[in-house]
Amino acid sequence: MPTDREPNGQYDWRERMQRLEDSIAANWEDHARLDRNIEGLRASMVQQKENVDKLVGALRELIDRIPPQNLG
């Protein structure tokens, strides 16, 4: 049952609009927080990819140094 009715039975649109604005503000804050977290994750993944690329390069160099007769 609506709690935003005035004594004359009309809806209090100001109260309703305030609740909507509060809800939008809270959702906007959540959205901004998620965006910041996604940016942090993206930066972390870029760094992780660079580290993996370096590791793969080092492994290739190490394998290239193994004499061919020892690979068989």
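Each value in this text was obtained by applying a stated rule to the coordinates, not by laboratory testing. If you're wondering where the values come from, they're calculated on a predicted model, not measured in any experiment. We place every Cβ from the backbone using ideal geometry, glycine too, and count neighbours over all the protein chains shown.
What is the ratio of the Cα radius of gyration of segment 29-72 to 2.2 N^0.38 Å, where N is its residue count, to two decimals?
Values: Rg = 19.0 Å, N = 44, 2.2 N^0.38 = 9.3 Å.
Normalised Cα radius of gyration, segment 29-72: 2.05.
May I ask for the net charge around D35, where only other residues with Cβ less than 11 Å from the Cβ of D35 are counted and Lys, Arg are +1 while Asp, Glu are -1? Mind dumping the intermediate values first?
On the way: positive: R33, R36, R42; negative: E29, D30, E39.
Summing Lys/Arg as +1 and Asp/Glu as -1 gives 0.
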